[in-house]
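Below: one structure, written as structure tokens.
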Amino acid sequence: MDNTKKNNQADEFDLTAMDLPRDLKGLSISECRQLARQIRRTLITTVSKNGGHLSSNLGTVELTIAIHRVFDSPQDKVIWDVGHQAYTHKLLTGRADRFSTIRTENGLSGFTRPDESEHDAFISGHSSNSISAALGIAVSMKLKGDEHFTIAVLGDGALTGGESFEGLNNAGKSRTNLIIVLNYNEMSISKNVGATAKYLSTLRTKESYHKTKSAVENVLNSTPIVGNPIKQFVRGSKNVLKDMILHSTMFEDLGFEFVGPIDGHNIEELEAGLSAAKALRCPTIVMVNTQKGHGYAPAEANPGGYHGVGAFDLSTGNPDVVPEDSWSAVFGRKLLSLAYEHTNICAVTAAMKYGTGLYYFHHALPRRFFDVGIAEQHAATFCGGLASNGMIPVFAVYSTFLQRCYDQLLHDLSIIDTHAVIGVDRAGIVGEDGETHQGIFDIPFLTTIPGVTIYSPSNYRELEICLEKAILSDKGLCAVRYPRGAEKLFGGHDEADTELVRHTRGARVAAVTYGRLYNELMTADAVLQKHGITIDIYKPVKIFPVSDRLAEALKGYDKVFFFEESYEYGSIGEKYAALGINTDRTACKGFVAHGSTESLLDKLGLSAEKMAEKIMEYFENGKA
């Protein structure tokens, strides 16, 4: 390779000066190993500053290098399931100069985005859709006479999602140039569960692994790593190909060839395995064994904890934040305390026991804790089954992932008035994870479900009493929604209710909000009072069904300002406007890009400063 593309001072590759991914094909294996070490240092340093997905990316460094050496992106299409393991892919596809901006406002996204790079073949953010998307792309390429390859890269965690099996069922007989790279690391976010995980575990240690290793050594001794020679060699060597393919798997029964298992941190073996799959020119599964967090001891020891992290100290590996001081942790501890007293309470998660605070429940009451894997649809219907036989299931799930089980909430829970509780975590703006993860759509779609009750507490104490009421007093389907991070109290105190909090002063203008924005509104109110402006403030805690009491009160105002971390169509303010109330609504008008939560709230007009400005403008224009 051209030595000018190395930084001689640090003996590192200058990725910004290379023609990537093309220049990867000219590297020797020893240079590829050196590059892998350099990339890991970059990943750890960058994520320690910006936060992000660390352990999943550390596990796919060699795999990503091998993919880009064997295939030709963007002509060959690479689809990354979820996309949180595609940081190395970004570094190797012309974005190294901007990599330090990842997950920051106006910087690179933490997931793949076609509008960010031609090498990002499909949008990502949610799990288990890569096979279906890749099959669609592969079929369209076949129809156009394009003989390039489509490669779906997914972890074994994503294979627990039902859509993956729907994709497999259709892809195996498709006769397309589709390659599915199954990255087996025994993890989704938490430890993988279920029969699929057990099955893949048996494949991981099959004798064929050793056959594959031997076959790869034969290939390496006889041919170059990259390019046509290995392709021709594999095509012409039936014995090598036979040894590299593990027969009698469920994947073969579905119509796939199966290559592997392969050591996912051995670049030579990866390239030989991927080249073998390429030579087959038919739907093929390539199974690679990797270690999540590989190369960084704290992440290796705790891959679940380092799946998605905030900024942390490099020397100790300690995150800057204390997880116990969070909405999720308060939810988890309160649920456990209620479950101690009521033996019919069960906790359900879709591979998120750490992120949702259910690890307390899992540790203390494992028989009533159920992790169903990345299978939100199944989780919802499973809750329906539990509830139909006298249990009270509490399903803790991120708002963005709750979107995946709308039909189950409607058909399997609501339609027969089944009593179940949804803990809607990460409701509202989540910040750096961006548009695929912002929790702004749960209110619009949940409020279309007949009989649903929705709470949106503004502080920890309110969360506890809302959760208790939803579980022990309410009927039917209930949702308790709360944001990411820790509470932020106005004035250091926490007004707690389950229905409605009001501050009335006889004003002609009112403002309404709920959840954490209440604290922003109270801060804005203090600013307004300094300018001699008086308004009345209302905080509904049970935000749906619409409160007749609140509606009647609001009809008496000249103007009512609504502020919501929700998509505007289907928002709570829109529902009150439909009752004839003169509203001015500030809400999200579409998808919200990534950035810090504080900055995004300000841009959306939902910070205390912007709330105060909007109301002051109304008064200054003489409308009050």
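Can you give me the distance in nm between label points at Glu31 and Val527, each placed 7 Å from the Cα along the Cα-to-Cβ direction?
According to this spin-label approximation, the distance is 5.5 nm.
Sort 86-94, 325-333 for me by packing, meaning the mean count of neighbouring Cβ atoms within 10 Å per residue, highest on top.
86-94, 325-333
Setting aside same-chain residues fewer than 8 positions from Lys25, which aspartates and glutamates have a Cα under 18 Å from its Cα?
Asp2, Glu12, Asp14, Glu62, Asp72, Asp76, Glu268, Glu269, Glu271
Can you list residues whose amide H is under 5 Å from Gly515's amide H, if they're 5+ apart or on another chain and H is modeled 1.01 Å from N?
Ser458
Quote the relative contact order of segment 500-620 in percent (integer), defining contacts as alpha-carbon pairs under 8 Å separated by 6+ residues.
Values: 188 pairs, mean separation 35.1, N = 121.
Once divided by the residue count of segment 500-620, the mean separation gives 29 percent.
Can you give the extra length, in nm with one decimal, that the chain gains between Ala17 and Ile415 once fully stretched, where that is 0.36 nm per residue apart less the Cα-Cα distance? All intermediate terms of the calculation are to be shown ahead of the outcome.
Values: separation 398, 0.36 × 398 = 143.28 nm, distance 5.98 nm.
Length gained, Ala17 through Ile415: 137.3 nm.
Report ³J(HN,Hα) in whole Hz for each residue of segment 359-368, in order, from the Karplus equation J = 6.51 cos²θ - 1.76 cosθ + 1.60 where θ = phi - 60°; Gly and Pro get x.
Going residue by residue, I get 5, 4, 5, 4, 5, 8, 10, x, 5, 9 Hz, with x marking Gly and Pro.
Counting pairs of alpha carbon atoms under 8 Å apart in space and at least six apart in sequence, what relative contact order in percent does segment 45-124 give? List each step's numbers first, then the result.
Numbers: 87 pairs, mean separation 26.3, N = 80.
Once normalised by length, the contact order is 33 percent.
Provide, as a two-decimal number, the C-alpha radius of gyration of segment 469-624 over 2.2 N^0.38 Å, N being how many residues it has.
Details: Rg = 15.4 Å, N = 156, 2.2 N^0.38 = 15.0 Å.
Against the compact-globule rule of thumb, the ratio is 1.03.
Which order do Val480, Val501 fall in if you start with the one that has the fewest other Cβ atoms within 10 Å?
Values: Val480 28, Val501 16.
The most exposed by this proxy come first: Val501, Val480.
Return the whole-Å distance between the Cα centroid of segment 271-295 and the Cα centroid of segment 73-91.
15
In what order do His68, His411, His493 fall by count of nearby beta-carbon atoms within 10 Å, going from fewest to most?
Least to most surrounded, the residues fall as His493, His411, His68.
So, in nm, how far is label Lys614 from label Ser140 when the simple model puts each one 7 Å beyond its Cα toward the Cβ?
According to this spin-label approximation, the distance is 3.7 nm.
Distance between Cα centroids, segment 12-27 to segment 409-428: provide it in whole Å.
50
Using the beta-carbon distance between Val546 and Arg505 and R0 = 22 Å, what value does 1/(1 + (r/R0)^6) give for FRET efficiency, to the nearest 0.05?
Numbers: r = 24 Å, r/R0 = 1.09.
After rounding, the FRET efficiency stands at 0.35.
How far apart, in nm, are two points set 7 Å out from the Cα along the Cα-to-Cβ line at Asp253 and at His493?
Using points 7 Å along Cα→Cβ, the separation is 6.6 nm.
Out of residues 5 or more away from Phe258 or on other chains, whose amide H comes under 5 Å of its own, with H placed 1.01 Å from N in the peptide plane?
Close amide H contacts, sequence-distant or interchain: Leu246, Ile285.
First select every other residue whose beta carbon is under 10 angstrom from the beta carbon of Val509; then total the charges, Lys and Arg +1, Asp and Glu -1.
Details: positive: Arg508, Lys559, Lys623; negative: Asp536, Asp558, Asp584.
So the surrounding residues net to 0.
Once amide H atoms are placed 1.01 Å from N in the peptide plane, what residues at a sequence separation of 5 or more from Phe370, or on another chain, have their amide H within under 5 Å of its amide H?
Ala347, Val348, Thr349
What fraction of the DSSP beta bridges in segment 500-620 is antiparallel, stated in percent and rounded to the nearest 5?
On the way: 4 of 16 bridges.
For segment 500-620, the DSSP antiparallel bridge percentage is about 25.
Residue by residue through segment 542-547, which ³J(HN,Hα) values in whole Hz follow from phi under the Karplus form 6.51 cos²θ - 1.76 cosθ + 1.60 (θ = phi - 60°), with glycine and proline marked x?
Ordered by residue, 3J(HN,Hα) equals 8, 8, 8, x, 3, 7 Hz.
Which of the pairs Lys142/Lys173; Lys589/Lys610; Lys469/Lys589; Lys90/Lys353 have their Cα atoms more than 23 Å apart in this structure?
On the way: Lys142/Lys173 14 Å; Lys589/Lys610 16 Å; Lys469/Lys589 32 Å; Lys90/Lys353 29 Å.
Exceeds cut-off: Lys469/Lys589; Lys90/Lys353.
Taken together, the values in this text are just the output of simple stated rules run on the coordinates, not laboratory data. Here the structure is a predicted model, which means the values were calculated and not measured. Here Cβ is always computed from backbone atoms with ideal geometry, including for glycine, and neighbour counts include all displayed protein chains.
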